[in-house]
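The values are calculated or read from the model by the stated rules, or taken from the named source; none is laboratory data. A quick note: this is a predicted structure, and the numbers were derived from the prediction, not measured. Virtual Cβ from ideal backbone geometry, glycine too; neighbours counted across all protein chains shown.
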Amino acid sequence: MQPTSMAAYESIKASIGKMEFRVYHALIQYGPMTNEELSVLLKKPINEVTGRTRGLVLHTGLFGNSMPLVENSGMRRAGKSGKTAIVWQIVENL
């Protein structure tokens, strides 16, 4: 990771909660995933993951400006129930 990328990563880590950071880090490390996939990976109930994903989508910057960290990738994947779900990805070029 480049020094500027590392600085941005550390800044983000300091600005979000512990569980939000675990979701964010999982998406960096493993790539785009659904909430269900994140739930399984992180060994957390789905309701804990969906709220954290939403928080990362609605994240605001230091000055109250909209600064989403996660976004809809435009893809959908089927979950255990057979229903399709949004595949989340990290916002590039923060």
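Does Q89 qualify as being surrounded by fewer than 13 Cβ atoms within 10 Å (Cβ to Cβ) and not small (G, A, S)? Answer is no for this residue. Please verify whether G55 is touching a residue at least 24 places away in the same chain (Cβ under 8 Å) and under 15 Å from the mean Cα position of the chain (by Cα), treating the condition exactly as stated. It is true that G55 is touching a residue at least 24 places away in the same chain (Cβ under 8 Å) and under 15 Å from the mean Cα position of the chain (by Cα).
Taking the criterion of being out of contact with any helix residue (DSSP H, G or I) (no Cβ under 7 Å at 6 or more places or on another chain), under 17 Å from F21 (Cβ atoms) and exposed (fewer than 12 other Cβ atoms within 10 Å of the Cβ), would at least one residue in the range 37-46 satisfy it?
Yes, there is a match, as at least one residue in the range 37-46 is out of contact with any helix residue (DSSP H, G or I) (no Cβ under 7 Å at 6 or more places or on another chain), under 17 Å from F21 (Cβ atoms) and exposed (fewer than 12 other Cβ atoms within 10 Å of the Cβ).
Pairs linking a residue in the range 72-85 that is more than 13 Å from M33 (Cβ to Cβ) and at pLDDT 95 or above to a residue that is in a strand (DSSP E or B) and charged (D, E, K, R), with Cβ atoms under 8 Å and 6 or more positions apart or on different chains, are T84/R76; T84/R77.
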